[in-house]
Each structure stands twice: as structure tokens, then as C-alpha cells.
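Quick note: the coordinates plus some simple rules give every number you see, no bench work behind them. All figures in this text were calculated on a predicted structure; none of them were measured in a lab. Note that we place each Cβ from the backbone using ideal geometry, even for glycine, and neighbour counts take in every protein chain shown.
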Amino acid sequence: MGKIKQWNKWANAHTYYPLDLLRVALGVFLFMKGVDFMSDSEQMALVMGPLEKIPGSMIFLHYVAPAHFVGGFLITIGLLTRWAVAAQIPILIGAILINFLGEMNVANLITATITLMVCCFFFVYGSGKHSADYYLKMQQ
């Protein structure tokens, strides 16, 4: 717990609007991916094709879309950012691995890799000063 407080103090001392805009853009991107996966189940099943022989692969289908949808919203407003990003990291690692297990799609690989790197950054950095977390902490 002390390490997280230390990270929060560092992040709040070094916060900048471009980083907040990057957090919001990441949240909106993940939210839109969640909406896209929810609205087009055939595309989601096609993406998850290489995993269809694994028992319990339907659990992955039911985890990815809501995690992107809810996690993207939380990241956008800056509420529970580290928890929301932690839920995204296994999904993004899976998205990178699916490119190597199934048909290679370079655009999806690059998108998933960049998104994973940004998520890892915000897992360490936190939500920053211009977020709901910071606002709620200041209200205490």
C-alpha cells in the first residue's frame, strides 16, 4: 500500500494535460472496442477463432466485451484506473497472442501492442491529478 501512495504522490506532482488526454483517449478507445464487440458478436467469434478448441473459451467471449466496456468508462473518467487497467492487461496479452496462434493481422498486432504499453504505463502512473480519483481523495 505504501508503494501505491508513493506512486500517487509522484504522479500528482508530475501530471500534465497531455497525459490526461492520453488516459481519456485510451478509455474511449477501449469503451468503443467494448461496444464494437457487444454489437458484432460474429466479429468477436471470428477474433476468438484460434481459441475455440480450448475448453471454456466462451468465458473469454463473455469477459472481453464487458471488461472493455466498463474498464474503458472507468479509465476515461479516471476512477479506479489501476484496477480497470489491470483487467485490460490479460485481454491485451491475449490479443497479441491470438495474432501468433491464428492468422497474423499486423494492424491488430500493432494496435494491441501499443494499447498494452499505454495500459502498462497507466498501471504504474495511475489516473493523475485531473481525475475522479483525485477529486474524491481531495473531498475526504
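How about the range 17-104: which trypsin sites (Lys or Arg not before Pro) there are in a DSSP loop, with at most 12 other Cβ atoms within 10 Å of their Cβ? Mind showing how you got there, number by number?
Details: sites: R23, K33, K53, R82; in loops: K53.
In loop regions of the range 17-104 (DSSP not H, G, I, E or B), the sparsely surrounded trypsin sites (Lys or Arg not before Pro) are K53.
Taking neighbour counts of Cβ atoms within 10 Å as a proxy for exposure, in what order, fewest first, do W83, W7 appear?
Numbers: W83 12, W7 15.
Placing the least packed residue first, the sequence is W83, W7.
In whole percent, what relative contact order does the chain give with Cα contacts below 8 Å and a gap of six or more residues?
32
Using the Karplus curve 6.51 cos²θ - 1.76 cosθ + 1.60 with θ = phi - 60°, work out ³J(HN,Hα) for each residue of the range 100-108 in order, rounded to whole Hz, and write x for Gly and Pro.
Result, rounded to whole Hz: 8, 7, x, 6, 6, 10, 4, 5, 5.
Lysine pairs, Cα distance under 25 Å, 8 or more residues apart or cross-chain: how many in the chain?
8
Based only on the alpha carbon positions, what is the Kirkwood hydrodynamic radius of the chain, in angstrom?
In the chain this quantity evaluates to 15.8 Å.
Around M48, with a cut-off of 15 angstrom between Cβ atoms, what is the net charge of the other residues, counting Lys and Arg +1 and Asp and Glu -1?
Working: positive: K33, K53; negative: D36, D40, E42, E52, E103.
Net local charge, M48 excluded: -3.
What is the extension gain from E103 to K3, computed as 0.36 nm multiplied by their sequence separation minus the C-alpha to C-alpha distance, in nm to one decimal?
31.9 nm
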